[in-house]
Amino acid sequence: AITGTTTANAAGAVNVIVTNVDAQSGTCGGCFTYVAPAPTVGGVTPNSGSTAGGTSITITGTGFQPGATASLGGSAVTVSTISATSITGTTTAHAAGAVNIVVTNTDAQSGTCAGCFTYLASAPTVTSVTPSSGAAGGGTSVTVAGSGFQTGATVSFGGSALTVSTVNATSITGVTTAHAAGAVSVVVTNPDTQSGTCSGCFTYVAAPTATSVTPSSGAAGGGTSVTVAGTGFAAGATVSFGGSALTVSTISATTITGTTTAHAAGSVNVVVTNPDTQSGTCSSCFTYVAAPTVTGVTPTSGPTAGGTSVTIAGTGFQAAATVSFGGSALTVSTISATSITGTTAAHAAGAVNVTVTNVDTQSGTCSGCFTYVAPAPTVTSVTPTSGPKAGGTSVTVAGTGFQTGATVSFGGSALTVSTISATSITGTTTPHAAGAVNVVVTNPDTQSGTCSGCYTY
């Protein structure tokens with residue numbers, strides 16, 4: 001037996017030859033194999049790549065043999081070149097995460113670089129946001145569409161964080177937070193720090209402003225056509241006048257027209273609310289005006305011919321108000337908030353309503369507050385002027401202002417009336433003592449006219 005220590009030699013099976021001092025030798029063919037050292041893996045460049053594979057890499061180390069294989073987390077590298085210290089190739093697909101790099105030589109020896117390569121999921125993409133606009137004050141429920149979203153992803157709307165509700169690979173839902181008005185980019189960032197952006201995909205809309213109302217007052221009963229001026233009005237906006245809804249006719253970005261509805265008298269706020277729930281207020285911009293009231297007329301009566309100077313008392317009278325006495329217009333002289341003076345026009349006899357109507361079409365009425373009085377009748381003659389005391393004489397009484405239903409007295413004895421016109425009454429006398437008598441015509445309104453000594457029995 002011979003013992004000793006080997007010296008260096010190339011890898012592979014070799015013959016073992018023993019040679020004696022006399023130069024004779026013996027050989028054991030292929031009896032010893034030199035084994036190359038296991039490879040070492042020092043690193044990889046780049047040290048990360050897509051989970052889809054396709055990343056070109058260079059693995060560095062020592063002891064790499066022709067025919068060596070390389071794997072990243074179990075997924076084979078498609079090898080391009082091999083030298084003793086370098087292997088180049090392309091990654092194949094693998095799940096996201098850090099993986100070991102293993103190089104295995106043809107002699108089955110291997111070297112590992114633990115966690116030296118990281119598979120990165122594809123960056124997310126953001127394709128759209130629905131709806132594409134919302135209130136600058138936040139609170140809009142949105143859906144962000146795209147791909148590659150991971151659990152735990154965060155979303156930024158122009159730097160303002162979305163309050164996220166749900167996340168799946170292609171959709172994120174949530175509620176916007178406040179941001180200045182304007183278009184903003186929407187950015188989804190996955191936990192692996194990769195992000196995707198949709199540029200200008202969402203617009204924060206400013207709250208509307210209401211600056212004025214024209215006219216600034218109207219009837220408490222409603223019905224006033226108004227124009228509300230301001231900014232940021234959106235289609236479908238609603239308008240409140242002190243809580244009473246405006247009947248909207250037209251809407252543009254800067255004006256809203258419509259008709260007021262009824263509300264108690266007084267100054268009110270005008271509030272414009274857009275469909276995104278943002279609102280703008282014009283404080284005390286409109287005043288509801290109460291209808292006028294009419295409490296009395298002085299004097300309370302006048303002739304049917306008109307021409308009576310009257311004073312109407314009440315409240316809420318407006319400049320240019322009109323006054324009707326039973327439908328006949330008063331010729332107005334002066335108007336204050338509580339008093340109107342003027343002159344009556346002609347009207348049939350009787351009690352009439354006095355109505356004051358303001359320019360806002362609201363009116364107030366004093367029922368039966370003025371009475372048109374017909375003029376007293378006059379009796380000018382009787383034909384014939386005499387007749388027997390036994391009566392039975394047909395007579396004609398002439399005069400003015402006779403009314404249907406008038407009665408005639410001849411010295412206290414009633415005339416049997418046949419016909420009546422405004423200027424003539426015919427009839428037959430009844431018995432009376434002899435002598436000259438007064439002829440008296442009395443209208444139904446109790447006014448009477450007398451022709452003194454006009455008839456002689």
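No value in this document is a laboratory result; all are computed from the given coordinates. All values reported here derive from a predicted model rather than from experimental measurement. Methodologically, a virtual Cβ is constructed for each residue, glycine included, from the backbone with ideal geometry; neighbour enumeration extends over all protein chains shown.
Can you give the convex hull volume of the alpha carbon atoms of the chain per residue, in Å³?
Dividing the Cα hull volume of the chain by its residue count gives 193 Å³.
Could you please tell me the mean projected area of the C-alpha convex hull for region 190-247, averaged over all directions and given in square nanometres to one decimal?
6.8
Report the equivalent ellipsoid semi-axes for region 125-205 in whole Å, largest first, defined as the square roots of five times the eigenvalues of the gyration tensor built from alpha carbon atoms.
19, 12, 11
Gap in Å between the Cα centre of region 347-376 and the Cα centre of region 420-457?
35
Using the alpha-carbon centroid of each, what span in Å lies between region 269-322 and region 115-149?
With region 269-322 and region 115-149 each reduced to a Cα centre, they are spaced 59 Å.
Which Rg and Dmax, in Å, describe the Cα atoms of region 298-457?
Expressed in Å, the Cα Rg and Dmax of region 298-457 come to 21.8, 69.
Quick one: pull the percentage of alpha-carbon pairs in region 209-289 with a separation above 16 Å.
Details: 1243 of 3240 pairs.
Pairs farther apart than 16 Å: 38 percent.
When the expected Rg is taken as 2.2 N^0.38 Å, what fraction or multiple of it is the alpha-carbon Rg of region 101-140? Working shown, then result.
Details: Rg = 24.2 Å, N = 40, 2.2 N^0.38 = 8.9 Å.
Compared with the compact-globule rule of thumb, region 101-140 sits at 2.70.
Just to be sure I follow: if Rg is taken over the C-alpha atoms of region 293-373 and Rh is the Kirkwood radius over the same atoms, what is Rg/Rh?
On the Cα set of region 293-373, Rg over Rh gives 0.93.
Please compute P(r) over all alpha-carbon pairs of region 233-374, binned at 5 Å starting from zero, and give each bin as a whole-number percent.
For region 233-374, the pair-distance distribution reads 2, 10, 17, 16, 11, 9, 8, 8, 8, 6, 4, 2, 1, 0.
On full extension of the chain, what length is gained from VAL248 through THR300, given 0.36 nm per residue of separation minus the C-alpha to C-alpha distance?
14.2 nm
So how far apart, in nm, are the two label points at THR400 and SER216 if each is 7 Å from Cα heading toward Cβ?
Distance between the two pseudo-spin positions: 5.5 nm.
Tell me, what is the FRET efficiency for ALA96 and ALA161 to the nearest 0.05, using R0 = 25 angstrom and their Cβ-Cβ distance as r?
0.55
What is the Cα convex hull volume of region 378-456 when expressed per residue in Å³?
On the way: hull volume 5.1 nm³, N = 79.
That works out to 64 Å³ per residue.
Tell me the label-point distance for the pair ALA11, GLN24, using the 7 Å Cα-to-Cβ offset, in nm and rounded to one decimal.
3.9
Taking 2.2 N^0.38 Å as the expected size of a compact globular protein, what ratio does the Cα radius of gyration of region 80-153 give against it, to two decimals?
Working: Rg = 22.0 Å, N = 74, 2.2 N^0.38 = 11.3 Å.
Rounded to two decimals, the normalised Rg is 1.95.
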